[in-house]
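The values are calculated or read from the model by the stated rules, or taken from the named source; none is laboratory data. Quantities reported herein were computed from a predicted structural model and do not represent experimental measurements. Please note: Cβ atoms are built from the backbone with ideal geometry, for glycine as well, and neighbour counts cover all protein chains shown. To get the accessible areas, we keep the full protein, side chains included, count just its heavy atoms, and leave off ligands, DNA and RNA. Shrake-Rupley method; radii C 1.70, N 1.55, O 1.52, S 1.80 Å.
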Amino acid sequence: QLEGYTVPDPRIDLSGVDVARKILILARESGHKLELADIESKNFLTENAINVTTVEDFFETLKIDENYY
């Protein structure tokens, strides 16, 4: 993240939202009438990691949640 290779808030990528948006774009380009809610995705993160309010807190939850995985 410090070198600019990731998005400012990695929760966007790791929550599956970014992938779902890209799938939605491809589906619409293919002629399907879908909305984001129609795309089922699963989070790579725990609820604790998703619900924190800052990126700094997010990184701290990763340290705590590492035993979850």
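Okay, here's what the table says:
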quantity	calculated
Thr53 vs. criteria polar (S, T, N, Q) and assigned to a loop (DSSP other than H, G, I, E, B)	yes
Index of the failed condition, His32 passing every other in (1) in contact with a Ser or Thr (Cβ under 9 Å, 6 or more places away or on another chain); (2) assigned to a loop (DSSP other than H, G, I, E, B); (3) not hydrophobic (A, V, I, L, M, F, W, C)	(1)
In region 1-20, residue modelled with the lowest pLDDT [restricted to those that are open to solvent by less than 60 Å² (accessible area, probe 1.4 Å), assigned to a helix (DSSP H, G or I) and among the hydrophobic types (A, V, I, L, M, F, W, C)]	Val17
Scope region 21-59; condition surrounded by 11 or more Cβ atoms within 10 Å (Cβ to Cβ), at pLDDT 95 or above and of a type in the set (Ser, Thr, Tyr); matching residues	none
Filter pass, Leu62 being under 18 Å from Asp13 (Cβ atoms), surrounded by 11 or more Cβ atoms within 10 Å (Cβ to Cβ) and at pLDDT 90 or above	no
Of residues in region 11-50 being of a type in the set (S, T, N, Q) and more than 12 Å from the chain's Cα centre (by Cα), the one nearest to Gln1 (Cα to Cα)	Asn48
